[in-house]
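The values are calculated or read from the model by the stated rules, or taken from the named source; none is laboratory data. Since the structure is predicted, the reported quantities are computational estimates derived from the model, not experimental observations. As a convention, Cβ positions derive from the backbone with ideal geometry for all residues, glycine included, and neighbour counts pool all protein chains shown. Side chains included, ligands, DNA and RNA excluded: accessible areas come from the protein's heavy atoms. Shrake-Rupley method; radii C 1.70, N 1.55, O 1.52, S 1.80 Å.
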Amino acid sequence: MGAAKSSCQGFLHYAFDYETPKTLVVPSIAAGVVFRFTQLLILLYLVGYVCIVQKAYQDTDSVVSTVTTKVKGYAVIKGSANTSSPQFRDVADYVIPPQGDKSFFVVTNMIVTTNQKVSHCPEIPKPSTLCNQDSQCTTGLEDLRGNGVRTGRCVNYSDTVQTCQVLSWCPLEEDTGPNKEALIDAAENFTLLIKNSVTYPKFNFHRRNIMPHINSSYLKTCVFNSSTDPHCPIFRLKQIVSDAGEEFQVMAVEGGVLGILIDWTCDLDLWASQCLPKYSFRRLDDNNKSRVLAPGYNFRFAKYYKSPEGTESRTLIKAYGIRFEVIVFGTAGKFSMLPTLVNLGSTLTFLSLVPTVSDWFLLTFTKKRDFYSKHKTTHLRDEDEEDEDENKQSVKKKVFLLFFRLVCYLIFIVPDSFFFCRCPWAPAMELNRIDSK
Amino acid sequence: MGAAKSSCQGFLHYAFDYETPKTLVVPSIAAGVVFRFTQLLILLYLVGYVCIVQKAYQDTDSVVSTVTTKVKGYAVIKGSANTSSPQFRDVADYVIPPQGDKSFFVVTNMIVTTNQKVSHCPEIPKPSTLCNQDSQCTTGLEDLRGNGVRTGRCVNYSDTVQTCQVLSWCPLEEDTGPNKEALIDAAENFTLLIKNSVTYPKFNFHRRNIMPHINSSYLKTCVFNSSTDPHCPIFRLKQIVSDAGEEFQVMAVEGGVLGILIDWTCDLDLWASQCLPKYSFRRLDDNNKSRVLAPGYNFRFAKYYKSPEGTESRTLIKAYGIRFEVIVFGTAGKFSMLPTLVNLGSTLTFLSLVPTVSDWFLLTFTKKRDFYSKHKTTHLRDEDEEDEDENKQSVKKKVFLLFFRLVCYLIFIVPDSFFFCRCPWAPAMELNRIDSK
Amino acid sequence: MGAAKSSCQGFLHYAFDYETPKTLVVPSIAAGVVFRFTQLLILLYLVGYVCIVQKAYQDTDSVVSTVTTKVKGYAVIKGSANTSSPQFRDVADYVIPPQGDKSFFVVTNMIVTTNQKVSHCPEIPKPSTLCNQDSQCTTGLEDLRGNGVRTGRCVNYSDTVQTCQVLSWCPLEEDTGPNKEALIDAAENFTLLIKNSVTYPKFNFHRRNIMPHINSSYLKTCVFNSSTDPHCPIFRLKQIVSDAGEEFQVMAVEGGVLGILIDWTCDLDLWASQCLPKYSFRRLDDNNKSRVLAPGYNFRFAKYYKSPEGTESRTLIKAYGIRFEVIVFGTAGKFSMLPTLVNLGSTLTFLSLVPTVSDWFLLTFTKKRDFYSKHKTTHLRDEDEEDEDENKQSVKKKVFLLFFRLVCYLIFIVPDSFFFCRCPWAPAMELNRIDSK
């Protein structure tokens, strides 16, 4: 009973007696200044860099977005205006796909092959298709760089040239490259309306690029301009291309890919009302023609027709043009407990290194370092026992020490460990002094 | 030789002598309680908030996903059912694009202009197109808000109205706005099958929204319902729209954009089998008609035909309808060493502040604070030397002190530095007492 | 004046007197080794795991990317090659959509229903459509699993079978499942060119998958092979499918979804030039036919024709095929101050725990632990006052202690708190000894 009571009391003592380090107050202005100044530096880092520059007290979320687009405009195809059959094109003809996705293609140039039917015709002349006799045309050869399946016959392509006959959509497309000048040059005046709605799911924050405070009469007439009308959602294609550092009429010839980047990076703590889209434009494909495979941007599509007799024909269109991609990105930040505490904790760690630095300064650079060291550090002396040990276990111990000398060297070549070797020179000196007594 | 040995021994002493703070055990229950209680608070924060609420021991990854959709259903266009030529539409007619992408459009209303040919016709009457004589119609004017290129002639639009003639696809579309009631009102009964497969690449975790444990006979008959059938991948369009807080027949008139959000947020540590999709629905475009430009959602597309003589005509369709967007998002978390240690380290930092708080309590609020302070803190006295210094360097030192008083004030206005000024009042009092001796 | 001067001096003393812990240097090789070895372990963790493995000194950003694709090749439909009307198909016919998006569909099999017109025809026989008399066919019933709106008449489907008549696109599609062998089996030889341009906006880093150092003559002839040509941007469809662990001709029958994953994970510190795309391939849909709803991948689309008299007809195509999805993902890391300091701070925290561990070792396991403990720890004795307290406040205090014993137990069951109970056994023993005096 007495033992139980005593052990319980012992436990209580253990659990609630408070153990605190003994300290020494040194009236050294120099050490004090070093101490406070290092503290100040770290606090400035905390406030200035961590809080203000990096906003490390914020949790972040990535944008989830939806985009719809609408192109307006029409054009008469170049060279056809004064002919008897002018070719007129509007939105339904030149925007592919038509449904207003975030990625769409505007035709600016094309090669049209009309009235193609599946039948037999001579290949386009090139080294691998030229022939003099049927035996040079292997039947059924499917050369994927050719235009069709060879029938095994060598036929006249023109009066002077013979090529292998193929099964294909005939007549074959004569692809001599795009027109030197874009056929639908008026496309530069087309306008583009972008409707973009974004969400930051983590913060339940929704916003649209057409802001409620913008009145609708302004919206009906405005055109985007990065300096004067930065929040107008209506863009002129020519402006977009020139803002990306390209020239529309040059880009229109072979086509390309153009990114319309909408940046929704926002700070939702104080300035949620200032969370506005920032538009920028960049050409996304490689326009260095000399080194790229298949420069520009083009694809083939067909319109299918049926004659009254039921035979199918198609009009093949190789369309060159500009693909516009609306790319929405951004991160929003908002105050959150966890990142704040993690970053605060990390900074406080550096504050806890301040005494180490100050101690090192105190015991190395102050005039009265020996006086301070004497009061701060107590050296236990147990030389008698050590001597005995050394006599008894000398061999054992020497091996032991050799091993740990290696370990020690390893520690000291890592520079970060520097601060954890408290007052490196002073105590060593002290030690030597004691040892040499 | 002896010196080398001695320096080596000195180094060994330096490297392996262990320096430890001297401590004082104070039998103060109050201080002990403060110490343990503060520790407890921080541990509760670590366990409760960091581990359980924020799951800060997890590494996270964003979802990579693939979606295919399939709409089923057919409809007879309103008003045509009892006529001699009823108009019937099925999936291939009203879903654009047809290939089952994650974003697709269902036509619910439309304005059809048949048999358009490129030719000359009078403009639709509006203030800018009305005319009395040819001189009012500038030849070649390309007003992008008009419908075509002016020929310079003023012609009869009707018996009473004259407008400028344009080159365009004629007859022009008479866009008097969508029908007041959706033409394809049966679209509300169409069903939508969503197949969604997700991957968290960092954790090599794959999953599909059609779970293996769901049997196929259920799948053939079920319809999604957020409360009774939350994992059925087949949706009724009407249900989707009403779950988003809208009415189908109202939305169908002018069209809109509807988001089907699939949330795959998962904890992959314990409950990987519970990683299930959560569906929600939200209208993504602005439905406040009064303030938006071009409310609803519509686009124009054309079907092209060729007459036996080779002239091209088209049927232009201005399609109103609902664009459905399947948006997949989510983050998965899984235990990882690094975030665990970073967050643990940050919390431990706060634990290392506990002694500071307890010391302050001990030396400020306990009855025997002077008694404890006397044993804990030793004040070095070197007043004699200080006095001498003061006489010699008084001017120098005063300037020095003035400067650092400023620095000191700066430190003290930053509240975080509070805890790092150990036992602020007690020692100062002590000091004064010693000084005034 | 004197008071002001004295208070100011007191403040200066307070602000700049430097308080430092008193320490004891213990010549214990064992404790020193434990101390240095624990430090070494933590430093190895810092350098090895945090820096090298996790690259925790880096800030990260997610990839923003743009993809264009181009398929090449042609095919003769199986079985039609030797007939009078061979069916030939090229890119414009079998790639949907045609515009080279990051997601595209290649038709490999199909069911074609030609010359459909909106009219009346008997339903496809199945249990719910069979009938003997008109009364079994409810007029206007819109069974969404049927093919059209019932007219209320029961008509001959064949000589022996009668079904309900419906209003629909007639003749109805006879969907008896896809051909057992893919019709466009030559699709396996088609080639695919992928152009991919990526951006890490945070680091202003741009790159393309067609690297500038790759010469264009190589690009014109190369074909991707994961081991021999890992950076060739031209892929053979058969190779893609087989790299994903599937067989092309099997997958081509019912279709499927195939992911082309491009991984741009990069370290932008030292090896920005080594930031290259890594291609991998994976089937994205569920190919376990037994358990999935609607296995494979197919959709219906139509081509519309008009007779000279103006009646519209369509060719309905149920297309089976492989949808390819180019999925670009990746994270780039680059040195940044904030994560470096956060992670360094967290690790330093663990270093600051080293003395706790060493103290515990010193006062528990060394031979001379009592000797060291005596010099390290001073126990304040105020038993006289305590006894008095106990007599006076015994009841109050007992309740108080009981409560905190509970709290104490709570602390000790959390294992992390272990290290913060400094030298648990030794001081307790000491205490008991003192108490029992």
Taking into account only those residues within the range B:310-341 that are part of a helix (DSSP H, G or I) and touching a residue at least 60 places away in the same chain (Cβ under 8 Å), which is nearest to the other protein chains (Cβ to nearest Cβ)?
B:Leu338
Can you spot a residue in the range C:54-71 that is acidic (Asp, Glu), closer than 30 Å to B:Leu338 by Cα and either open to solvent by 20 Å² or more (accessible area, probe 1.4 Å) or at pLDDT 85 or above (or both)?
yes
Taking the range A:190-215 and keeping only residues that are more than 17 Å from A:Lys72 (Cβ to Cβ), facing chain B (nearest Cβ under 10 Å) and open to solvent by 40 Å² or more (accessible area, probe 1.4 Å), one is left with A:Pro201, A:Lys202, A:His206, A:Arg208, A:Pro212, A:His213, A:Asn215
Whichever residue in the range B:348-380 is of a type in the set (Gly, Ala, Ser) and without any contact (Cβ under 8 Å) to a residue 60 or more places away in the chain and, among such residues, is surrounded by the fewest Cβ atoms within 10 Å (Cβ to Cβ)
B:Ser352
B:Leu144 meets each of (1) at pLDDT 85 or above; (2) in contact with a helix residue (DSSP H, G or I) (Cβ under 7 Å, 6 or more places away or on another chain) with one exception, condition (1)
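Does C:Gln99 qualify as being free of Cβ contacts under 8 Å to residues at least 60 places away in the same chain, within 14 Å of chain A (Cβ to nearest Cβ), touching a Phe, Trp or Tyr at 6+ places or on another chain (Cβ under 7 Å) and surrounded by 15 or more Cβ atoms within 10 Å (Cβ to Cβ)?
Numbers: free of Cβ contacts under 8 Å to residues at least 60 places away in the same chain: yes; within 14 Å of chain A (Cβ to nearest Cβ): yes; touching a Phe, Trp or Tyr at 6+ places or on another chain (Cβ under 7 Å): yes; surrounded by 15 or more Cβ atoms within 10 Å (Cβ to Cβ): yes.
Taking the combined requirement at face value, the residue satisfies it.
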Quick check: anything in the range B:89-99 of a type in the set (Gly, Ala, Ser) and under 21 Å from A:Phe190 (Cβ atoms)?
no
If you go through the range B:40-86, how many residues are of a type in the set (Ser, Thr, Tyr) and under 30 Å from B:Asn189 (Cα atoms)?
9
How many residues of the range C:98-113 are within 19 Å of C:Glu181 (Cα to Cα) and out of contact with any helix residue (DSSP H, G or I) (no Cβ under 8 Å at 6 or more places or on another chain)? The answer is 5
Tell me, which residue of the range A:115-141 that is open to solvent by less than 50 Å² (accessible area, probe 1.4 Å) and of a type in the set (Gly, Ala, Ser) is modelled with the lowest pLDDT?
A:Gly140
Boolean, A:Leu380 is facing another protein chain (nearest Cβ under 7 Å) and under 36 Å from the mean Cα position of the chain (by Cα):
no
Flagged in the range B:252-281 as more than 18 Å from B:Phe329 (Cα to Cα) and surrounded by fewer than 23 Cβ atoms within 10 Å (Cβ to Cβ), in numbering order, are B:Val253, B:Glu254, B:Asp269, B:Leu270, B:Trp271, B:Ser273
Which condition breaks for B:Asp159 when tested against (1) surrounded by 14 or more Cβ atoms within 10 Å (Cβ to Cβ); (2) of a type in the set (Asp, Glu); (3) not in a helix (DSSP H, G or I)?
(1)
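Of the residues C:Gly140, C:Gly177, only one is at positive phi and in contact with a Gly (Cβ under 9 Å, 6 or more places away or on another chain); which? So that I can check it myself, show each step before the final result.
Working: C:Gly177 fails: in contact with a Gly (Cβ under 9 Å, 6 or more places away or on another chain).
The conditions single out C:Gly140.
May I ask you to say which residue of B:Val50, B:Val107 is modelled with pLDDT of 85 or more and within 11 Å of chain A (Cβ to nearest Cβ)?
Working: B:Val50 fails: modelled with pLDDT of 85 or more.
The match here is B:Val107.
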Filtered residues of the range A:223-260 (kept if in a helix (DSSP H, G or I) and touching a residue at least 40 places away in the same chain (Cβ under 8 Å))
A:Leu237, A:Lys238, A:Ile240, A:Val241, A:Phe248, A:Gln249, A:Met251, A:Ala252, A:Val253, A:Glu254
Return the residue satisfying two criteria in turn: it lies in the range B:295-324 and is aromatic (Phe, Trp, Tyr) and open to solvent by 20 Å² or more (accessible area, probe 1.4 Å), and of such residues it is farthest from B:Ala252 (Cα to Cα).
B:Tyr304
